Amino acid sequence: MTDSLFSATDGRNEPLAARMRPRTLDEFVGQEHILGEGRLLRRAITADLLSSIILYGPPGTGKTTLARVIANTTSSAFISINAVLSGVKEIRESIDQARSARDLYDRRTILFVDEVHRWNKAQQDALLPWVENGTVILIGATTQNPFFEVNSALVSRSRVFQLTPLNRDDMLKIAATAVSDPVRGYGRFDVRIEADALDHLIAVADGDARGLLGALQLAVETTPDAYPPPDGTLIRITREIAEESIQQRAVLYDKEGDYHYDAISAFIKSIRGSDPDAALYWMARMLHSGEHPHFVFRRMLISASEDIGMADPNALVVVESAAAAFDRVGLPEGNFFLTEAALYLATAPKSNSTLGYFDALDAVATEARREVPNHLRDSSRDAEGFGHGKGYLYPHAFRDHWVAQAYLPDALKGRVFYQPSGQGYEGAVATDVYRRRELQLEAIVSDEPDEVFSFTRSADRRLGEWVARAEQGRLAAIGTLRDKVTEHARIARHHRVLVVGRSASLHVWESVRRAPEGRVVAWIRDERRAQMIHHYTEQLSELERPLIVTSDRLDLPEAFERIIAADALLTAEDRAAAPELLRAHADGNARLVVIQRFPAGGTRLSDTVGESCPADVREPLLAAEQWIYGPNGNATVNWSETDLADALVASGWHVAPADTIDTDEARRFDAAAIARWFDPKTAGSLGATIATLSDDATRERVERWIAAALIDSVMPWSTRYLLITAGPVRS
């Protein structure tokens, strides 16, 4: 059942490509990556120790030729069948021959299956047991990716070798051999091919040896008046003859195969790479080969969101409009709509931020189920019974129709899924996205309060809390503070910026934006804040990321042109040590901006209780506040603005007059905060102070009344900040 393809013949009536097939490995041209000296496949063929293989590559690269070389080299029986012309019957006949050769002559059989991908699954399955038990050694040839088109069991039992289109040197060698071989080629004649004619043949053949030899045969055998002419006849091949012999390249394309996927991949990657010329080429190649325009439009719709996305939201509109126009007009004029859509996508700014959805999907799939936060739940059904929706802030009721509040489940607070690029429309809105996210992040990491009435050097250095974190308005106030600090800092693009203090995280990001060519260092001693900020920085490139320092000591080699101290001087210890530390890291022309909460200047709890408060509650409360803010009271809150300025001057800073910033917000009081205020075991707290000045019964009475009157209520609250600008004193 041996195919005549592998018979030894020099028949002059065969096509030139068939006559010139290499007979040995030494005659084989190209594919050095698998057949070069010392390569595995060459060694296996030479030693006649071949195991099952699959040869994969485009037409004209030598798959069938290599099978012929193996047939001429091996001592094994060799059977060749074509998958297009054969089925299970032919497979069984081949297996019977192989079994006979093995049983009677102890001889192996090599079965060559051309176009093996053409077999259906049942046909491939019929061959599998005989390959597995070694009855036959399979050589499969395919132009399709075997990992998709060939039975995975067959692929797993075979070694796949990929053949690639021949290069120019290979094609020159093949043409020279065909012209000079006197038996199988045209060596009997004086064939002379002009250089540009040969270049044209090779260029149009595009790595296909069969195509080159077919064109060469047509050129040589149609040029003389009669063929064959007498031996020694001059046959000159000009550029014109070459062009007539290979007038148009057959575009290699299969709408169901690898070239279909490769071409559309090249098209999309050209769009993604903003190369309009390449995008037009690959689109033209697909359409010229019969690809349906609807398929091209579908892929462009995907690219409009995947590769352009929010950088230009109009891209999706353009492609959809072009697709609708194509359906209305049809071909050939519809090519204009295809072209406009492709050019728009290729020239549009690029962003793949829509991939953030898959990060969110991964979080849903891999993490425990998270409950919807109570304030985001539907209030139309369960508001009265379960309090659903309570605490939700309606964005349209606020300035700019936005208010900072948590929208993610508690366990996912601070997670970043959307990472806007700096391109096009997205670049214009990215800063707003970042700034709002930073305010929300500040709310997440702010476990400490705005006002502190107690202070203990506990193991984690946490400050006690005076009031609960604001749920309304406080973020707007924080945004105002950030903008004021940025205005006074006057950060230039090249500046080195040091940000320190309890609220340092608020000012890190604006510093990073304003000093892209400098360096930003944040000294944040709260590990939780530092971790969340570190997570947020992952969206930045390594060179853009701020350096986060969490150690107890600030030991840096460089000096800084700008220093921002945000709530870094709250305690007496801080006011004694921090100014000198900051001075040590200041450049000679440094600018220091201090933003510090000034507890004595803001609202106090007694301001919120109203006229209904009985005297036996109000009087102990006022007495406790007066003592806390008095000269012998809580050192964390009883300082004055002159104390802050004096501490800076004593450390070598020249201080400008302080500005005051009053921020107003609506603050909600909760049971946990009230319990902390009146904790008698916390030195300096309201509860401990009332108990000291009166007795524990008075403390309990005041706490009960405050809890009943204020829990879950929202009260206006004002916080005062001192903004001080300073520079090093010049000697």
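The values are calculated or read from the model by the stated rules, or taken from the named source; none is laboratory data. These numbers were taken from a predicted model, which means no experiment stands behind them. So basically every Cβ, Gly included, is an ideal-geometry build from the backbone, and we count neighbours across all protein chains shown. For the accessible areas, the whole protein counts, side chains as well, though only heavy atoms, and no ligand, DNA or RNA atoms are used. Shrake-Rupley method; radii C 1.70, N 1.55, O 1.52, S 1.80 Å.
Taking residue 605, is it closer than 23 Å to residue 714 by Cα, crowded, with 20+ Cβ neighbours inside 10 Å and more than 51 Å from the chain's Cα centre (by Cα)? Here the answer is no, as residue 605 does not meet what is asked.
Scanning region 692-717 for residues that are among the polar types (S, T, N, Q), closer than 22 Å to residue 637 by Cα and not in a helix (DSSP H, G or I) turns up just one, 694. Regarding residue 183, is this residue touching a residue at least 12 places away in the same chain (Cβ under 8 Å) and out of contact with any Lys or Arg (no Cβ under 9 Å at 6 or more places or on another chain)? Against the criterion (touching a residue at least 12 places away in the same chain (Cβ under 8 Å) and out of contact with any Lys or Arg (no Cβ under 9 Å at 6 or more places or on another chain)), residue 183 does not qualify.
Just to be sure I understand, how many residues within region 655-712 are among the aromatic types (Phe, Trp, Tyr), in contact with a Cys (Cβ under 8 Å, 6 or more places away or on another chain) and open to solvent by less than 50 Å² (accessible area, probe 1.4 Å)?
Here is the first cut: in region 655-712, the ones among the aromatic types (Phe, Trp, Tyr) are 669, 677-678, 705.
Okay, now just the ones that are also in contact with a Cys (Cβ under 8 Å, 6 or more places away or on another chain), so 705.
Filter once more, keeping what is open to solvent by less than 50 Å² (accessible area, probe 1.4 Å): none.
So the answer is 0.
Out of 570, 581, one residue alone is in a helix (DSSP H, G or I) and touching a residue at least 12 places away in the same chain (Cβ under 8 Å). It is 581.
Looking only at residues of region 130-176 that are touching a helix residue (DSSP H, G or I) at 6+ places or on another chain (Cβ under 6 Å) and assigned to a strand (DSSP E or B), we find that the one that is nearest to residue 102 (Cα to Cα) is 138. Of the helices (runs of 4 or more DSSP H) lying entirely inside region 264-345, those containing at least 1 residues that are closer than 26 Å to residue 357 by Cβ and open to solvent by 50 Å² or more (accessible area, probe 1.4 Å) are 293-303, 314-329.
Restricting region 472-529 to residues that are of a type in the set (Asp, Glu) and touching a residue at least 24 places away in the same chain (Cβ under 8 Å), the residue that is most open to solvent (accessible area, probe 1.4 Å) is 517. When you scan region 718-731, how many residues do you find that are of a type outside the set (Val, Ile, Thr) and not in a strand (DSSP E or B)? Qualifying residue count for the region: 2.
Among the candidates 93, 115, 132, single out the residue that is at pLDDT below 90 and on the phi > 0 side of the Ramachandran plot.
Values: 93 fails: on the phi > 0 side of the Ramachandran plot; 132 fails: on the phi > 0 side of the Ramachandran plot.
Of 93, 115, 132, the one residue that is at pLDDT below 90 and on the phi > 0 side of the Ramachandran plot is 115.
As for region 254-274, it holds no residue that is over 24 Å from the mean Cα position of the chain (by Cα) and modelled with pLDDT of 85 or more.
So, in region 179-235, exactly how many residues are outside any helix (DSSP H, G or I) and either in contact with a helix residue (DSSP H, G or I) (Cβ under 9 Å, 6 or more places away or on another chain) or within 27 Å of residue 66 (Cβ to Cβ) (or both)?
Step one: filter region 179-235 for residues outside any helix (DSSP H, G or I), giving 181-194, 206-208, 223-235.
Okay, now just the ones that are also either in contact with a helix residue (DSSP H, G or I) (Cβ under 9 Å, 6 or more places away or on another chain) or within 27 Å of residue 66 (Cβ to Cβ) (or both), so 181-187, 189, 191-194, 206-208, 223, 227-228, 235.
Residues flagged as outside any helix (DSSP H, G or I) and either in contact with a helix residue (DSSP H, G or I) (Cβ under 9 Å, 6 or more places away or on another chain) or within 27 Å of residue 66 (Cβ to Cβ) (or both) within region 179-235 amount to 19.
Looking at region 11-62, what helices (runs of 4 or more DSSP H) fall wholly within it and have at least 2 residues that are open to solvent by 30 Å² or more (accessible area, probe 1.4 Å) and modelled with pLDDT of 85 or more? If you could, list the steps in order and put the result at the bottom.
On the way: elements: 16-19, 32-35, 40-46.
Here the list reads 32-35, 40-46.
Checked against the criterion of being under 29 Å from residue 582 (Cβ atoms) and among the aromatic types (Phe, Trp, Tyr), region 662-678 contains not a single residue that satisfies it.
Of all the listed residues (91, 70, 79), the sole one being in contact with a helix residue (DSSP H, G or I) (Cβ under 7 Å, 6 or more places away or on another chain), in contact (Cβ under 8 Å) with a residue 24 or more places away in the chain and more than 26 Å from residue 210 (Cβ to Cβ) is 91.
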